[in-house]
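The values are calculated or read from the model by the stated rules, or taken from the named source; none is laboratory data. None of these values were measured; they are calculated from a predicted model. Glycine also receives a Cβ, built like all others from the backbone with ideal geometry; neighbour counts cover every protein chain displayed. For accessibility, only protein heavy atoms count, side chains too; no ligands or nucleic acids. Shrake-Rupley method; radii C 1.70, N 1.55, O 1.52, S 1.80 Å.
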Amino acid sequence: MAYLKLDHVDKVFTRGTATTEVLKDINLTIEKGEYVSIIGHSGCGKSTMLNIVAGLTQATTGGVLLEEREVNSPGPDRAVVFQNHSLLPWLTVYENVRLGVDKVFAKSKTRAERDAWTMHNLNLVQMAHAKDKRPNEISGGMKQRVGIARALAMEPKVLLLDEPFGALDALTRAHLQDSVMALHQKLGNTILMITHDVDEAVLLSDRIVMMTNGPSAHIGEVLEVALPRPRKRLELATNPTYVKCRQRVLEFLYERHRFVEAA
Amino acid sequence: MSMPALINDNAPKVVPTASTAATASVVTMTPKQSPKAERYVKMAREVAVRVVPPLIVLALFMLIWELLCRRSGSALPPPSRVFADTRELIFDPFFDHGGIDKGLFWHLEASLRRVAIGYAIAAVVGVALGTLIGQSVWAMRGLDPIFQVLRTIPPLAWLPLSLAAFRDGQPSAIFVIFITSVWPIIINTAVGIRNIPQDYRNVAAVVQLNPLEFFAKIMIPAAAPYIFTGLRIGIGLSWLAIVAAEMLIGGVGIGFFIWDAWNSSHISEIILALFYVGIIGFVLDRLIAVVGKVVTRGTATN
């Protein structure tokens, strides 16, 4: 039984008389608790695909089913961690997380419970100490942690990560990847992540969805990453399965579907 | 400033004021060597740096003015005469002999009250209309061209029309204030709303804020820097307009006070009134700037 299902999703952008087919016939099913990455060259429509799942963009034809029900408008059951964190700069870290909590649990939790739940989620990402700071007073990695806390606090059925580590330096990125892995282990979320980093995809995912180049991008190949969890970054470097998976993704991206416009 | 001018001895006065201000603060603070004292010294220096230069320029200006206008037969009175003529008005701003024979405080109060009412309405209407134009493409297409034409109409041109409509000076003056200050508020608010990053809209969509919450929690804070730019321009314009409007509608108010003084050839009173108008305009502008700074401390730095 599919938990999240993209069913024959097409996306066509129309500007005046010019039409561009961005996505063509995307079919993907994701099981509950699965960590799925979407990888592809820039411009292949992977962000569009995530936005369609989030409900921020409408599919031209086809649709998205979550627990057998169609979803076509944004909602907290599909919380997004945005690439550029998108924290509201006039709210403190705490208030940014609380905003979502107040909406989602307006009826089901008391004020005190909502406060406790907000703090609990800030603790999960180790950001409770900065709860009264404003976004411009904390580092990029910290902002992204708060962004993750905000999404987690909405108790989403699916967590959508839109290149969540793209804007971070390599060390912070590694640190945050470990945090996300630990959270996934602990909470068992269903996660759909966009990335363009091969190592990141192999390290974090249960399955890697490889996209062909646009226009009319479609799913070229899906790779199972059969590595046991918890995964340790250092041990994996020499693990034959890891190396093989990495090799497969690299071959797909750089041999079979080279990004011609890049050079 | 004009106090010593009475003694007719301005030249030496300039230097002492400047140097005492600077040295006095330093001397009193240096004995205490605690870091707190040092901080006060630093603060006093910063204040001195800002306050002393304009004071010197002002003193020089007064001096030149005095020299130019002191000879008999000059059209305008020198500062010493201005002070002597308006002594009563300066030291007793609260008298009230009925009618329009009142102290300057009451005239300024009446003008400020009109500005407060007209400007408050303009702020509310301006932000509301600005939000509408910024948010809805159709509202912008329909309203923006009309507003662009209306906003070029000089404030006073509205006065006869509003007198005809309201048949009374008081609401007409308030209307002129409103119509003068509302345009920059509308236009700046609309720009601010249009410039709200898509990211914030996405966040609101995922969290599922309803339109009212979106307005209060996203739109207003995100557009606040723009809104306050409009509010600041608006308060300046309304203070400009009130003096002119009051000259025409009469009654109590600083504008009519000036006009009345001109009719009675009290040139010194005009100069005093202009001084007050300038100071209050400056204070109003600073006031909105400070409020804006406090309100937008989160957004502006981003």
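Some observations on this one:
- Computed over chain A, relative contact order equals 25 percent, with contacts defined as Cα pairs under 8 Å that lie 6+ residues apart.
- Inter-site label distance for A:Val243 and B:Ser136 at 7 Å from Cα along Cβ, in nm: 6.5 nm
- The mean number of Cβ atoms from other chains found within 10 Å of a Cβ in peptide A:81-88 is 4, as a whole number.
- Contact residues in region B:186-215 by the 10 Å² criterion (accessible area, 1.4 Å probe, full protein complex versus chain alone): B:Asp199, B:Tyr200, B:Asn202, B:Val203, B:Ala205, B:Val206, B:Val207, B:Gln208, B:Leu209, B:Glu213.
- Region A:180-263, dipole about Cα centre (Lys/Arg Cβ +1, Asp/Glu Cβ -1), debye to the nearest 20: 320 debye
- For A:Met154, the accessible surface of its heavy atoms amounts to roughly 10 Å² (probe 1.4 Å, protein chains only, rounded to the nearest 10).
- Comparing B:His266, B:His97, B:His107 in a Gaussian network model of chain B where C-alpha atoms under 10 Å apart are linked, the largest mean-square fluctuation is found at B:His97.
- Shown here for region B:102-175: trypsin sites (Lys or Arg not before Pro) in loop regions (DSSP other than H, G, I, E, B) with at most 10 other Cβ atoms within 10 Å, namely B:Arg167.
- Under 11 Å, Cβ to Cβ, from A:Thr241 - net charge with Lys/Arg +1 and Asp/Glu -1: +3
- On a per residue basis, the protein assembly as shown carries 51 Å² of accessible surface, using protein heavy atoms and a 1.4 Å probe.
- Extent along the principal axes, Cα only, for region A:87-155: 34, 22, 17 Å, with the longest axis given first.
- Listed residue pairs exceeding 32 Å between alpha carbons, taken from A:Lys24/A:Lys244; A:Lys46/B:Lys293; A:Lys143/B:Lys42; A:Lys46/A:Lys232: A:Lys46/B:Lys293; A:Lys143/B:Lys42
- Residues whose amide H falls under 5 Å from that of A:Leu161, counting only those 5 or more places apart or on a different chain, are A:Val81, A:Leu192, A:Met193, A:Ile194, with hydrogens built in the peptide plane.
- Derived scalar couplings ³J(HN,Hα) [region B:213-230; Karplus, 6.51 cos²θ - 1.76 cosθ + 1.60; whole Hz; x for Gly, Pro]: 5, 4, 4, 6, 9, 10, 4, 4, x, 5, 8, 3, x, 5, 4, 6, 4, x
- Summarising the label geometry, the points placed 7 Å from Cα in the beta-carbon direction at A:Asp132 and B:Val49 lie 3.1 nm from one another.
- Where GluC sites (Glu not before Pro) fall in DSSP loop in region A:43-139, at most 14 other Cβ within 10 Å: A:Glu67, A:Glu68
- Between region B:63-138 and region A:56-118, the C-alpha centres lie 52 angstrom from each other.
- Trypsin sites (Lys or Arg not before Pro), loop per DSSP, at most 15 other Cβ atoms within 10 Å - longest free stretch of chain A: A:134-231
- Our coupling estimate for region B:131-144, obtained by passing each phi through the Karplus curve with A = 6.51, B = -1.76, C = 1.60 and θ = phi - 60°, is 4, 4, 5, x, 8, 10, 4, 5, 4, 5, 4, x, 9, 4 Hz, Gly and Pro reported as x.
- FRET E, pair B:Phe166, B:Phe61, Förster distance 45 Å, beta-carbon r, rounded to 0.05: 0.60
- Taking every residue in A:61-70 and counting other chain Cβ atoms within 10 Å of its Cβ, the average works out to 0.
- Buried area at the B-A interface (accessible, heavy atoms, 1.4 Å probe, summed, Å²): 1800 Å²
- Helix B:35-69 axis, angle to chain B major axis (alpha carbon atoms, nearest 10°): 70 degrees
- Ranking B:Met140, B:Val283, A:Pro74 by how far each Cα lies toward the positive end of the dipole of the protein assembly as shown (charges on Cβ) leaves B:Val283 at the top.
- Region A:87-155, relative contact order in percent, only Cα pairs under 8 angstrom and at least six apart counted: 50 percent
- Per-residue mean of C-beta atoms belonging to partner chains within 10 Å, peptide A:126-135: 1
- Probe 1.4 Å, all protein chains present, accessible-area order of B:Val57, A:Val202, B:Val125, largest first: B:Val57, B:Val125, A:Val202
- For chain B: relative contact order, % (alpha-carbon pairs under 8 angstrom, 6 or more apart): 18 percent
- Pairwise FRET efficiency - B:Ala128 versus A:Glu221, Cβ, R0 = 56 Å, nearest 0.05: 0.55
- Only the Cβ atoms of Lys and Arg (+1) and of Asp and Glu (-1) were treated as charged; on that basis the dipole of the protein assembly as shown about its Cα centre amounts to roughly 880 debye.
- Heavy-atom accessible surface of chain A: percent carbon and sulfur, 1.4 Å: 51 percent
- For region A:15-136, a crude dipole built from +1 on the beta carbon of Lys and Arg and -1 on the beta carbon of Asp and Glu, taken about the Cα centre, is about 460 debye to the nearest 20.
- Cross-link pairs A:Lys5/B:Lys217; A:Lys131/B:Lys217; A:Lys133/A:Lys157 - those with Cα-Cα distance over 27 Å: A:Lys5/B:Lys217; A:Lys133/A:Lys157
- Backbone geometry of region A:239-251 corresponds, through the Karplus equation with coefficients 6.51, -1.76 and 1.60 at θ = phi - 60°, to 3J(HN,Hα) couplings of 5, x, 5, 4, 4, 5, 4, 4, 4, 4, 5, 4, 4 Hz, x marking Gly and Pro.
- Of interest is the spacing of the C-alpha centroids, which for region B:252-287 and region B:139-167 amounts to 27 Å.
- Taking every DSSP bridge with both residues inside the protein assembly as shown, close to 55 percent are antiparallel.
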